[in-house]
Amino acid sequence: MLTFQEFSKFCESVERISSTLEKTAKISGFIKEIDDEDDLYNTILFLMGRVHPEWSEKDVGIGIGLIYEALRVSTGVEKRIIENLVREKGDFGLSAEEVVRKKKQTSLFSEELTVKKVREVLDEISSLTGEGSQKRKIILLSELYISCTPIEARYLTRLILKEMRLGVGEGIVRDAIARAFGIDAEIVERAYMVTNDYGKVAVTARKGGKDALLSLKITPHIPVKMMLAQVAENVEEAVKEIKHLGVEWKFDGSRVQIHYANGKVSIFSRRLENVTNALPDIVEEVKKNVKEGVILDGEVIAVKDGKPMPFQHVLRRFRRKHEVSKMAEKIPLIVYFYDIIYDEGSVIDLPLEERRKRLISAVSKNEVLKIAEQVVTRDPDEIARIFNSAIEAGHEGVMLKNLDSKYIPGKRGKNWLKLKATMETLDLVVVGGEWGEGKRSNLISSYELACLDEEGNLLKVGKVATGFTDEDLEELTELFKSEIEVEEGKKVVFHPKYVFEVAYQEIQRSPKYESGYALRFPRFVRLRDDKSVEEADTIERVARLYEMQFRSKGT
Ligand code: AMP
């Protein structure tokens, strides 16, 4: 049985390696030696900073506040002291390690933790809801901390915060599994696209090798990675690229994958979060108007008087946990379906043209459930006309799709090209903020932004304080309150979790921020709740946009 100490020591050794190849080799060697299936499953997920697979509804639901409290209860160290440590070290894991180290000198007895035990307790914590659940979570977590050695405390804390800082992403895990069990990386990846669970992929690979992975099938109620689009440079290029072309509006909404099978409806967002409970109106419509035994792909849009409302309204619906039906009345949604992934069996290998026929026969269209219109044409004038009608209707542009192509989960390919009206915005990670003044003193009214470098470090590029409505600020304050790591006067530091889309007048060179750049007149466009921190823009993109300004100015 794998102890949590062994696992933590292993994490530390991986953390020290910077080369991707070496990390892969190290992980493949480690997982190859794990005999027990549960240990293998947990190791894979934990290395990626996940307790549950990405798509699962389960969540440990432990914020920073609870960690401070559990550490205080288990070690007697005051929150203020832990906060200072976090400020000094810039990392919760290292701070928890230090706190436990201080305390360990005086405590003698503790039970040895295993990876299984940690899983068991975190599962129990995930299942707690309602009154008294916070207290119980603190008790369970402090019991874990009491049994932790310092290094275990580092990785337990990081696991709970879903940020292991090992530099182990999906690519490394895929290659490590491939190497450990002697299977082609492509087959491993395909298995992941249909199961969305590298833990399950590893266990299956170990048990039945390549054949077992190939026989993994798309299963209703387990989400499939969504097919993604590439940017089309212009219509002429797209027409050259795609011979059999279908043109659709690119709707300004949010992606949904809707499963209807065995009498049950499940709805997943672009990040494959389960948002079923927030959308009871859509669930009802699907049950009434969609054939059972299907998985559909589409876009959900908020509408008012026939016009799409800004995309944040859809996300507001997605996030809603209480008074869901009241919100459904306030922000009515409609769905435009444009693809089908499963029709009493996987249909991803059929050409889009065939899939569309199946989609049309699976849905009885009405006011809420619609099928995206598609025009088959390669005439640039006709495409321009469709593009303009989409913009006029308040949408983003058009999607140009290869009608002969398969549905390729999780891939950004040339079979779907997007053509958008150009306005270069940046998607940046929110890393800090400041409480407002006067009547806004109870609102966090400015937000610090950062881009990513190659290693995933966050580099600040500016601060945004305009473009928010009062309603935006209220909602954002509510959202960000639970992400505060450190508070100093009016200033706050956030756990990096959310991404803002921002517009700006110009990018400047600046020594003020570690990125070397600063945004001039940044303006909040929207919360990109559908993007994870890893999907934010990189320093390379900022640099490229900076260079482009010169070109367009001719200086
Ligand atoms: P982007 O988010 O800019 O990469 O654009 C791709 C997204 O456009 C997809 O993930 C969908 O959410 C959205 N989209 C809107 N309309 C369509 C459509 N007709 N076909 C495919 N994707 C669409």
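The values are calculated or read from the model by the stated rules, or taken from the named source; none is laboratory data. The structure displayed is predicted, hence computed values, not measured ones. Cβ: placed from backbone, ideal geometry, glycine included. Neighbour counts: every protein chain shown. Note: accessible area is taken over every heavy atom of the protein model, side chains too, but ligands, DNA and RNA are not part of it. Shrake-Rupley method; radii C 1.70, N 1.55, O 1.52, S 1.80 Å.
Could you tell me whether any residue of segment 192-200 is β-branched (Val, Ile, Thr), more than 16 Å from the ligand (Cβ to nearest atom) and surrounded by 21 or more Cβ atoms within 10 Å (Cβ to Cβ)? Yes, the conditions are met somewhere in segment 192-200. Count of segment 15-32 residues, restricted to those that are out of contact with any Lys or Arg (no Cβ under 6 Å at 6 or more places or on another chain), open to solvent by less than 80 Å² (accessible area, probe 1.4 Å) and part of a helix (DSSP H, G or I), is 8. For Ala238, the conditions (1) out of contact with any strand residue (DSSP E or B) (no Cβ under 9 Å at 6 or more places or on another chain); (2) in contact (Cβ under 8 Å) with a residue 12 or more places away in the chain; (3) not assigned by TED's automatic domain parsing to the domain that holds Lys89 are fulfilled apart from (1). In this structure, is Asp349 within 18 Å of Ile408 (Cβ to Cβ) and at pLDDT below 95? Answer is yes for this residue. Please tell me if Glu152 is among the acidic types (Asp, Glu) and open to solvent by less than 50 Å² (accessible area, probe 1.4 Å). Yes; evaluated as a whole, the condition is true for this residue.
Here Asn366 passes the criteria (1) under 29 Å from the mean Cα position of the chain (by Cα); (2) under 23 Å from Gly306 (Cα atoms) except the one numbered (1).
Does Gly253 count as assigned by TED's automatic domain parsing to the domain that holds Gly345, in contact (Cβ under 8 Å) with a residue 24 or more places away in the chain, in contact with a helix residue (DSSP H, G or I) (Cβ under 6 Å, 6 or more places away or on another chain) and within 14 Å of the ligand (Cβ to nearest atom)? Spell out how you get there, then give the answer.
Details: assigned by TED's automatic domain parsing to the domain that holds Gly345: yes; in contact (Cβ under 8 Å) with a residue 24 or more places away in the chain: yes; in contact with a helix residue (DSSP H, G or I) (Cβ under 6 Å, 6 or more places away or on another chain): yes; within 14 Å of the ligand (Cβ to nearest atom): yes.
Judged against the criteria, Gly253 is a match.
For segment 80-128, the set of residues classified as β-branched (Val, Ile, Thr) and either touching a helix residue (DSSP H, G or I) at 6+ places or on another chain (Cβ under 7 Å) or at pLDDT 90 or above (or both) consists of Ile81, Ile82, Val86, Val99, Val100, Thr114, Val115, Val118, Val121, Ile125, listed by residue number.
The rows are residues; the columns are (1) within 16 Å of the ligand (Cβ to nearest atom); (2) farther than 30 Å from Glu344 by Cβ.
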residue	(1), (2)
Leu359	yes, no
Gln374	yes, no
Phe387	yes, yes
Met399	yes, no
Ser405	yes, no
Val430	no, yes
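Of the residues making up segment 256-296, just one is under 30 Å from Ala384 (Cβ atoms) and out of contact with any helix residue (DSSP H, G or I) (no Cβ under 9 Å at 6 or more places or on another chain), namely Arg270. Restricting attention to segment 320-336 and to residues that are open to solvent by less than 30 Å² (accessible area, probe 1.4 Å) and away from the ligand (no atom under 16 Å from the Cβ), the residue that is farthest from Lys304 (Cα to Cα) turns out to be Val324.
On inspection, Val363 does not qualify as modelled with pLDDT of 95 or more and within 12 Å of the ligand (Cβ to nearest atom).
Output yes when any residue across segment 214-223 is touching a Pro at 6+ places or on another chain (Cβ under 9 Å), outside any loop (DSSP other than H, G, I, E, B), open to solvent by less than 30 Å² (accessible area, probe 1.4 Å) and more than 16 Å from the ligand (Cβ to nearest atom), and no when none is. No; the residues of segment 214-223 include none that is touching a Pro at 6+ places or on another chain (Cβ under 9 Å), outside any loop (DSSP other than H, G, I, E, B), open to solvent by less than 30 Å² (accessible area, probe 1.4 Å) and more than 16 Å from the ligand (Cβ to nearest atom).
Within segment 169-183, the set of residues being under 29 Å from Gly63 (Cα atoms) and either in contact with a Gly (Cβ under 8 Å, 6 or more places away or on another chain) or open to solvent by less than 20 Å² (accessible area, probe 1.4 Å) (or both) comprises Ile172, Val173.
Inspect segment 446-462 for any residue being more than 16 Å from the ligand (Cβ to nearest atom), open to solvent by 30 Å² or more (accessible area, probe 1.4 Å) and touching a Gly at 6+ places or on another chain (Cβ under 6 Å) and give the result as yes or no. Scanning segment 446-462, I find at least one residue that is more than 16 Å from the ligand (Cβ to nearest atom), open to solvent by 30 Å² or more (accessible area, probe 1.4 Å) and touching a Gly at 6+ places or on another chain (Cβ under 6 Å), so the answer is yes. Scanning segment 463-507 for residues that are in a loop (DSSP other than H, G, I, E, B) and open to solvent by less than 60 Å² (accessible area, probe 1.4 Å) gives Ala465, Gly467, Phe468, Glu483, His495, Pro496, Tyr498, Tyr504.
Open to solvent by 20 Å² or more (accessible area, probe 1.4 Å), out of contact with any Leu (no Cβ under 8 Å at 6 or more places or on another chain), closer than 18 Å to Val286 by Cα and among the basic types (Lys, Arg): is that true of Lys370 in this structure? Yes, satisfied. Residues that are within 27 Å of Pro332 (Cα to Cα) and in contact with a Lys or Arg (Cβ under 8 Å, 6 or more places away or on another chain) were ranked within segment 347-363; the one that is most open to solvent (accessible area, probe 1.4 Å) is Ser361. Looking at the structure I just gave you, is Glu186 open to solvent by 10 Å² or more (accessible area, probe 1.4 Å) and modelled with pLDDT under 90? The answer is no for Glu186. Taking interchain pairs and intrachain pairs at least six residues apart, which have beta carbon atoms under 7 angstrom, with the first residue in segment 386-414 and among the polar types (S, T, N, Q) and the second open to solvent by 20 Å² or more (accessible area, probe 1.4 Å)? Cβ pairs passing all conditions: Asn402/His244; Asn402/Asn415; Ser405/Pro351; Ser405/Asn415.
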